[in-house]
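For reference, the structure is listed below as structure tokens.
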Amino acid sequence: MSNISNDSALNADGRFGRLSYLGWNGLLLFVVMTLGILSAVLLPGFVPEPSQGMPLFPMLLLGIVYIAMIYFSFIFAIRRLHDLNKSGWLSLLMLIPLVNLGLAVYLTFAKGDEHENQFGLPRITKTWEKVLAWFYVLIFPLGILTAIAVPAYQDYVQRAQVAQMEIPQTVQNH
């Protein structure tokens with residue numbers, strides 16, 4: 001059983017309710033995005049010329065961040081599975097394409113046990129976790145839409161500009 005007073009969110013022991021799970025994933029996304037932006041600004045060598053590979057230091061740094069992100073994603077999934085009274089080993093389903101999407105939906109929406117289960121008492125969700133969870137729920141879909149819409153809009157503008165340039169040429173030819 002987990003000891004509530006000694007409950008560290010960064011280890012696999014214990015439980016995460018839905019909002020704690022989303023809040024910690026939101027924090028992870030925020031940290032990774034901040035590191036990415038800082039590295040792009042402070043380490044211009046991160047963007048190599050197309051003909052050359054990425055330098056060793058930025059590649060090592062990127063690898064460390066990626067491994068940490070995967071590690072914490074598994075920790076958060078295990079804790080969420082514990083809240084559902086399921087084995088943390090089910091988190092390995094995150095490694096299977098498409099199945100991982102189903103698992104993510106399940107972990108996000110399934111209601112956890114309200115009472116003590118084999119993994120301990122329910123964990124109280126802190127206020128900052130709730131705020132970050134709702135921020136994550138609202139911002140993440142907007143980010144996906146933006147990632148789709150902005151390139152589509154840029155392509156549309158580019159095609160419109162090309163079409164406008166072709167119109168005077170066709171008028172001159174006639």
Give me the percent relative contact order of the chain, please, defined on Cα pairs under 8 angstrom at least 6 residues apart.
37
For Leu145, Leu27, Leu10, the accessible-area ranking with a 1.4 Å probe, largest leading, is Leu145, Leu10, Leu27
Compute the helix-to-body angle for 127-173: its Cα long axis versus the longest principal axis of the chain, expressed 0 to 90° and rounded to tens.
10
Using 0.36 nm times the number of residues separating Lys111 and Met165, minus their current alpha carbon distance, what extension gain do you get?
13.7 nm
Separation in nanometres of the label points that stand 7 Å from Cα toward Cβ, at Leu121 and Asn85
1.8
Top of Thr146, Thr108, Thr125 by mean-square fluctuation, Gaussian network on the chain, Cα under 10 Å
Thr146
In the full protein assembly as shown, how much of Trp128 is accessible to a 1.4 Å probe, in Å² to the nearest 10?
110
Note: the chain at 4 °C, 1.567 mPa s; Kirkwood Rh on alpha carbon pairs; Stokes-Einstein D in µm²/s works out to 67
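Report the gain in length on full extension from Asp155 to Ala104: 0.36 nm times residue separation, minus Cα-Cα distance, nm rounded to one decimal. If you can, show how the numbers build up before the last one.
Working: separation 51, 0.36 × 51 = 18.36 nm, distance 3.18 nm.
My answer for the length gained is 15.2 nm.
The values are calculated or read from the model by the stated rules, or taken from the named source; none is laboratory data. For clarity, every value in this text was computed on a predicted model and none was experimentally measured. Backbone-built Cβ (ideal geometry, glycine too); neighbour counts: all protein chains shown. What goes into the accessible areas is simple: the full protein's heavy atoms, side chains included, and nothing from ligands, DNA or RNA. Shrake-Rupley method; radii C 1.70, N 1.55, O 1.52, S 1.80 Å.
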